[in-house]
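Report on the structure given below.
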Amino acid sequence: MRKTLGWLLSLVVLIGTMGAAGFTAQAATAAGPSVATDIKDDILAIPGMSLIEEKPYPGYRFFVLNYEQPVDHRNPSKGTFKQRFTLLHKDVSRPTVFYTSGYNVNTNPRRSEPTTIVDGNQVSLEYRFFTPSRPDPANWANLDIWQAASDQHRLFTALKKVYKKNWLATGGSKGGMTATYYERFYPRDMDGVVAYVAPNDVVNKEDSAYDRFFAKVGTKECRDKLNAVQREALVRREPLEAKYAAAAAENGWTFTTVGSLDKAYEAVVLDYVWAFWQYSLLADCATVPAAATASDQEIWDSVDAISGFSAYADQGLETYTPYYYQAGTQLGSPDIKQPHLGNLSRYGYQPPRNFVPRDIPMTFQPGVMADVDNWVRTNANQMLFVYGQNDPWGAEPFHLGYTVRDSYVMIAPGANHGANVAKLQDGERELATAKILQWAGVAPAANLAGKAQAQPLAKPDPQLDQQDLERELQLRP
């Protein structure tokens, strides 16, 4: 018996030393079918999957793909559409991060922070109704947070057969909201959630938190400087709107959706202070002109650089129609008072309805965000929320109640809408990193035992790890 066992062990050792390339056809036949298939073949074997293109990247395989999804997950017989996503493949033995931006997908190789921390694979999904991932014809009633979460659930279920290790959901801003909603509706899919700078507008008509934020953010000197430029842009409305009309003619901008150039101009100006704090740092106040002595061109240049005069033209709004639709039907949108503007504002903060073509019907559904908020407060399990101290969107964050499990809210000091784990204070950064590694199932034993500080497992890569923060304005998180 021992001789037989010894022979078997020797055979095991011999086979273990052979690479997949070392198998002969005879050995493969004797042992059964070879399992060393190409990852592209494994993915494309999934029903409904199709390849758009593969792009080379050192150390990875990167694919741009389409996955056929039901237009309406409650009624799959109503047709399908192709939803675009990308796959950054490391190895099936590694964990997988499910990333969502909440908008279009970037078709270039990118790696979210959790992917770098766990040294894993990354699936990045384009949000439904952002072109080209839009049903045709488009029934906008099928654009809601449950349908989008069901898109993720269905794609995860298909890919889990290939990527069998732990999965984490993540995203920033609207992507962080998306990851949170996914967890709310399908809490058994993911092993952890990392939601960055995710707004939580529980009651759409109660926005005083934003007024309190703008009354104390940064320094009084900086706040006064920004407010003065914003006010001056409305005082000089006539000459600056003439510049706007000239720019519109030069660039082919039209204003059918918002209604007029005047409405678009004011919407851009009213975004100015919010957009500064969303994307800039306190130190950047030094670049803001002194309103009292600034020329028209200097006021124009500052507003354009921070808010962007193309934003509310039809051409700027078109890409973001799905976002504004959701803001006006479920997500909610902020409204701030800005008393320093006095009676210079003609329209105030305009509602999302003004930024969606009128042939698309919209009805707000109160209670949707309250449901998510209540679920997070009471049921969050292995969820991490990261906010920036100086980010306006953090004025209404997610909160955790006493019944949550292994979940955290952390704030990065002085950070803006680009806040992440790396920008947290030392103790929180190490805790967040350790939790992400633990949830992904790849925490080194030394970290688990508290004998070493938790560190990202992947080496930095400037191209893969760059943040693709869109210059989204106040009304786009």
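The values are calculated or read from the model by the stated rules, or taken from the named source; none is laboratory data. Just so you know, these numbers come straight off a predicted model, no measurement behind them. Positions of Cβ are backbone-derived with ideal geometry, glycine not excepted, and every protein chain shown enters the neighbour counts. For accessibility, only protein heavy atoms count, side chains too; no ligands or nucleic acids. Shrake-Rupley method; radii C 1.70, N 1.55, O 1.52, S 1.80 Å.
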Two-decimal log10 I(q)/I(0) for the range 195-320, as the Debye equation yields it once each C-alpha is a single scatterer, q = 0.13, 0.19, 0.23 Å⁻¹: -0.59, -1.13, -1.35
Cα pair distances exceeding 21 angstrom across the range 251-318, given as percent: 29 percent
Label point distance in nm, ILE52-ALA292, each placed 7 Å from Cα along Cα→Cβ: 5.3 nm
Relative contact order computed over the chain (Cα-Cα under 8 Å; 6+ residues apart), in percent: 16 percent
Kirkwood estimate for the range 47-93, i.e. one over the average of 1/r between Cα atoms, Å: 12.1 Å
J(HN,Hα) series, the range 445-458, from Karplus relation 6.51 cos²θ - 1.76 cosθ + 1.60, nearest Hz, glycine and proline x: 4, 5, 5, 5, 8, x, 9, 8, 6, 6, 9, x, 7, 8
Residue-averaged [θ]222 nm for the chain, counting only DSSP H segments that reach four residues, each worth -39500 (n - 2.57): -10500 deg cm²/dmol
Amide H contacts of PHE81 (H built 1.01 Å from N, under 5 Å, at least 5 apart or other chain): GLN69, VAL71
Extension gain, TRP146 back to SER77 (0.36 nm per residue minus Cα-Cα distance, nm): 23.1 nm
Angle between the chain longest axis and helix 2-16 axis [Cα atoms, degrees, rounded to 10]: 40 degrees
Net length gained if the chain between THR256 and ASN108 were fully extended (0.36 nm per residue, minus Cα distance): 50.0 nm
Global form of the range 178-269, assessed from the alpha-carbon gyration tensor, a/c cut-off 1.5: oblate
Shape of the range 384-477, Cα gyration tensor, a/c cut at 1.5: oblate
Per-selection metrics, the range 79-219 (Cα): Rg and Dmax in Å: 16.5, 54
Portion, in percent, of the accessible area of the chain that falls on carbon or sulfur, probe 1.4 Å: 54 percent
Taking N as its residue count, the alpha carbon Rg of the range 114-165 over 2.2 N^0.38 Å: 1.39
Cβ-placed point charges (K, R +1; D, E -1), dipole of the chain about Cα centre in debye, nearest 20: 1680 debye
14 Å beta-carbon shell around ASP359, net charge (K/R +1, D/E -1): 0
Helix 145-159 axis, angle to the chain major axis (alpha carbon atoms, nearest 10°): 20 degrees
Charge dipole magnitude, Cβ of K and R +1, D and E -1 - the range 334-405, Cα centre, debye nearest 20: 120 debye
Pairs of alpha carbons in the range 312-461 whose separation is greater than 27 Å (percent): 45 percent
Distant alpha-carbon pairs in the chain (separation over 29 angstrom), percent: 54 percent
In degrees, nearest ten, helix 296-306 long axis to first principal axis of the chain (Cα): 30 degrees
Evaluated over the range 246-369, the Cα radius of gyration and Dmax, each in Å: 15.7, 48
Residues ASP224 and LYS451, FRET efficiency given R0 of 45 Å [Cβ-Cβ distance, rounded to 0.05]: 0.35
Backbone HN-Hα couplings from phi across the range 54-68 [Karplus 6.51/-1.76/1.60, Hz, Gly and Pro as x]: 10, 10, x, 8, x, x, 9, 10, 10, 10, 9, 10, 10, 10, 6
Distance in nm between pseudo-label sites at ASN343 and LYS459 (7 Å out along the Cβ direction from Cα): 6.7 nm
